[in-house]
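All remarks here apply to the structure that follows.
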Amino acid sequence: MASKPSINSSTAWTDEELRRSVEIYVLLLRFQEQGSDERFEPLAQALLGGVLAERNGAAIRYRLRNISAVAQELGGPILRAFSPAESVGRLVRPRIREMLIGDPAFARLISSIAKADIGDTAAALNALRILREAIGSLERELGWRGHNGPPDLSETNKERADLQEALSDIGAIEVELVKPDPDPDLVRARSGKLLGLLSIFGKWIGARTTKFVDTTLLAAAPLVAAKVTGVLPALIDAVEAAVKAVGH
């Protein structure tokens, strides 16, 4: 299937496009801060659908580098994969700046006080519940796709096995957190395994397309791509909350 024509590079970026770019940047930054920054590019293929689907790869890469420049200016961490590009644009820079400042996750990243806080076990358990539900929804979609999609189900079966392993890790963390004296090392180890979903999702997506932005990905499996996108913020929320609940 042919890709949609890209928007002309001179076309001004809308607030919606910039906001989505900032949201993606901060999500990937949170993964990086947890020590899991592999395969950003394949994941971006799923994340950059929708409002950004008609922007070409080069334009999106440069926009993420622009966001790095503004993030650095604000004293925050930046994505190592996207070095700062200072030519942001007189009208675009303040819009990106405002969006970063208004993003609660970015605010937490640049706040040393927030990083030092001990978390709430109840909040961690709730975040794990949300992640479990998101994974369950994705697993059901994979089952549907296997039934109605390609005849070779070996890939789908492997994907579902990966999700089952993630659910097992979630269960182990939940069991540990409700103990009077949870084992921090076990929680961190299982949380680290959960972050492995980032690489797993990247492999799934990378097996389907090699372009940085390819709208055929969303056309081929729209619900799966959408649900993968939905799992990612739930994943990083759960990992952050679980690790914080037992102390850094």
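Taken together, the values in this text are just the output of simple stated rules run on the coordinates, not laboratory data. In this text, all values refer to a predicted model and were calculated from it rather than measured experimentally. Cβ atoms come from the backbone with ideal geometry, glycine included; neighbour counts cover every protein chain shown.
Results, tabulated for the structure shown:
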| read-out | value |
| --- | --- |
| Tail fraction, Cα-Cα pairs, the range 48-93, threshold 16 Å, whole percent | 40 |
| Rough spin-label spacing in nm, given labels placed 7 Å along Cα→Cβ, for residue 73 and residue 179 | 4.9 |
| Gain upon complete extension [residue 15, residue 33; 0.36 nm per residue less C-alpha separation] | 3.8 nm |
| Per-peptide average of other Cβ atoms within 10 Å, ordering 165-178, 84-97, 19-32 highest first | 19-32, 165-178, 84-97 |
